[in-house]
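Taking it in order: structure first as structure tokens, then the write-up.
Nothing in this text is a laboratory measurement; each read-out follows from the coordinates by a stated rule. Quick caveat, the model's predicted, so the values are computed rather than measured. We place every Cβ from the backbone using ideal geometry, glycine too, and count neighbours over all the protein chains shown.
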Amino acid sequence: MRTEYDFSKLKRRKIKVTINLDPSVVRYFKKKAEETGIGYQTLINDALRRIVERDELFEEIKNRLLSDPNFIETLGLRLRERQAAS
């Protein structure tokens with residue numbers, strides 16, 4: 001028996017959790033599961049993953065913009081223009 005194993009090539013593992021959801025949320029995903037043939041827990045996981053990916057993308061874009069001197073300069077100029085116009 002090996003003393004070490006390489007698990008890097010294994011499919012992404014899931015972590016079992018207990019979560020309380022609103023009945024309407026569970027009904028929604030169970031209905032979608034019947035329509036698609038995909039398990040409702042998988043659909044919930046996919047929806048949560050999309051939220052995480054969207055938030056990570058937003059953070060990346062925000063950080064890139066806030067570290068871009070040209071963006072900051074242009075933003076300041078536009079804000080001053082708007083303030084002067086009001």
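Below is a table of values for the structure above.
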| item | result |
| --- | --- |
| Eligible lysines near residue 11 by straight Cα distance, threshold 30 Å, same-chain separation 8 or greater | 30, 31, 32 |
| Helix-only mean residue ellipticity at 222 nm for the chain, each DSSP H run of n ≥ 4 adding -39500 (n - 2.57), per residue, nearest 500 | -23000 deg cm²/dmol |
| Sum of side-chain charges, residue 86 neighbourhood, beta-carbon under 15 Å (Lys, Arg +1; Asp, Glu -1) | +2 |
| Candidates 68, 55, 46: whichever shows maximal mean-square fluctuation once the chain is modelled as a Gaussian network with Cα springs under 10 Å | 68 |
| Förster radius 30 Å - calculated FRET efficiency between residue 41 and residue 5, Cβ distance, rounded to 0.05 | 0.60 |
| Between 0 and 90°, nearest 10: helix 23-36 axis offset from the chain longest Cα axis | 70 |
| Simple Cβ-charge dipole of the chain, Lys/Arg +1 and Asp/Glu -1, about Cα centre, in debye nearest 20 | 400 |
| Nearest 10 degrees, 0 to 90: helix 40-66 Cα axis against the chain principal axis | 30 |
| Cα pair distances of the chain binned at 10 Å [whole percent] | 12, 22, 21, 17, 19, 7, 1, 0 |
| Folded to 0 to 90 degrees: helix 69-85 orientation relative to the chain principal axis, Cα | 60 |
| Euclidean distance between Cα centres, region 12-29 to region 36-54, Å | 10 |
| Listed residue (51, 79, 8) projecting farthest to the positive dipole end of the chain, Cβ model | 8 |
